[in-house]
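Just so it is clear, none of the values below were taken in a lab; they were calculated from the coordinates. Computed from a predicted model, the values in this text were never measured in an experiment. Neighbour counts run over all protein chains shown; Cβ positions are idealised from the backbone, glycine included.
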Amino acid sequence: MLDTTALESFPSLISHGINVAGEISAPPSFQLPNSNDFDGFVKETIQMVKPAKGTTTLAFIFKEGVMVAADSRASMGGYISSQSVKKIIEINPYMLGTMAGGAADCQFWHRNLGIKCRLHELANKRRISVTGASKLLANILYSYRGMGSSVGTMIAGWDETGPGLYYVDSEGGRLKGNRFSVGSGSPYAYGVLDSGYKYDMSVEEASELARRAIYHATFRDGASGGVASVYYVGPTGRKKLSGDDVGELHYHYNPVTPSTVE
Amino acid sequence: MSIFEYNGSALVAMVGKNCFAIASDRRLGVQLQTIATDFQRISKIHDKLFIGLSGLATDSQTLYQRLVFRHKLYQLREECDMKPETFASLVSSMQYEKRFGPYFCQPVIAGLGDDDKPFICTMDAIGAKELAKDFVVAGTASESLYGACESMFKPDMEAEELFETISQALLSSVDRDCLSGWGGHVYVVTPTEVKERILKGRMD
């Protein structure tokens, strides 16, 4: 008999999904807005959220595990609304998700994914794989496709098959890969990441590469900045390696000698 | 993003005791991408007159070249440097000439006039002058700059204190703007000397 409890949405488990009359009640869903022009309303919400993909996140698999890094700036058009946003979300002790796009969308769906992963563990007495977790998220996001959510996330983790990395977005795309960078600063991060990448790197070398890639992206991209956070996921779980302020990192990589101006 | 936010800029000028300071950021960008971190936004017209041009970089360069040309002609004819008030009127009328196809620039003019009295003013893109006794701001970070200057400004500051104040106001404001920053450039002008300084700022 197929066990589908982990696939049902969370609130229905409380009401057991079946009411007194023996019929299965409708699964809970989000309320739609009462608007005359629903399409126009959705278009407007998409436009409101769109500038928020101003960010730089990256993740790559190497010999020792998975390295995940991100900046910490939130921008609304030209205004910097925060320099201290947590863009690497801890789904569970061995899986990380990155945030790019709408902050609310990413935070909500990552937490929802964490809940589903825990339910899977309890129902099946074993941890969910990175493949499975990313598929759960991708299916949910696909069902909300076209409704204006903006999510460009990477699911990185360590499971029984070793390190896993998937890119999942709100258009419904899901890609397996070894190296990803997401956000407006991603072209700059790719430049540094691709030229410095070697599979046989140590944890220190990989974390320095990730940090430098984020730093270069914050230098060139106006919508990225703040703090470069680097996380590592290995066989023993996830660990935060560094969180360096990018403003100070610049002078660490480019020391200034005082000079006179004519 | 509008045409005024295409390149990104931040400009501020402040009045002190018998001196003035004018400061700008150093970023030149193409929307979100940073192209240069050493772009000159403030230029000298003569030893006691400086103009900073914010907005579209190509228009600010062209407008600056035209102003230098007009000022040189003035120097030949009148055999003296232009007063800041006169220069401001010149800039204003040149911008209004292009009323229906304007230069996308907001100038900030700062100079020492008669008896070395400090003079600052700013204009919108079609030449509406705004004279101020304390400070003027322009650029994509202008709203942050208004707030910072309003709280940090004191009247009759000496040159060193004025430098500190204008630098802090500039750096804290551009740190809230994606499109400006990447260092700062400050000129402090007294009747006897011009001090040019580069500020170390956040490069993100």
Give me the count of lysine pairs in chain B whose alpha carbons sit under 19 angstrom apart, restricted to pairs 8 or more positions apart or on different chains.
25
Full-extension gain between B:Q65 and B:K129, please, as 0.36 nm times their residue separation minus the C-alpha to C-alpha distance.
21.0 nm
Chain B: calculated mean residue ellipticity at 222 nm from DSSP helix runs of at least 4, using -39500 (n - 2.57)
-10000 deg cm²/dmol
Inter-probe distance in nm under a simple model that places probes 7 Å from Cα toward Cβ, at B:R77 and A:N178:
7.2 nm
A student applying the Cα gyration tensor rule (rounded when a/c is under 1.5; otherwise prolate if a/b is larger than b/c, oblate if not) would label the stretch B:72-140 oblate
Count the lysine pairs in the stretch A:56-251 whose Cα atoms sit under 14 Å apart, keeping only pairs 8 or more residues apart in sequence or on different chains.
6
What length, rounded to one decimal in nm, is gained on full extension from A:L32 through to A:Y190, with 0.36 nm per residue of separation minus their alpha-carbon distance?
53.0 nm
Can you put B:M203, B:M123, A:M95, A:M76 in order of Cβ neighbours within 10 angstrom, beginning with the fewest?
A:M76, B:M123, B:M203, A:M95
With a cap of 15 neighbouring Cβ atoms within 10 Å, and only residues DSSP puts in a loop, list the trypsin sites (Lys or Arg not before Pro) found in the stretch B:98-187.
B:K98, B:R99, B:K133
Can you classify the stretch A:56-251 as rounded, prolate or oblate using the Cα gyration tensor, where a ≥ b ≥ c are the square roots of its eigenvalues, rounded means a/c under 1.5, and otherwise it's prolate if a/b beats b/c and oblate if not?
oblate
Taking the alpha-carbon centre of each part, the distance from the stretch A:139-217 to the stretch B:1-56 in Å is 37 Å
Rg(Cα) of chain B divided by 2.2 N^0.38 Å?
0.95
Efficiency of FRET between B:E143 and B:E193 - r from beta-carbon atoms, R0 45 angstrom, step 0.05
0.85
Under 8 Å for C-alpha pairs, at least 6 residues apart: give me the relative contact order for the stretch B:3-199, rounded to a whole percent.
32 percent
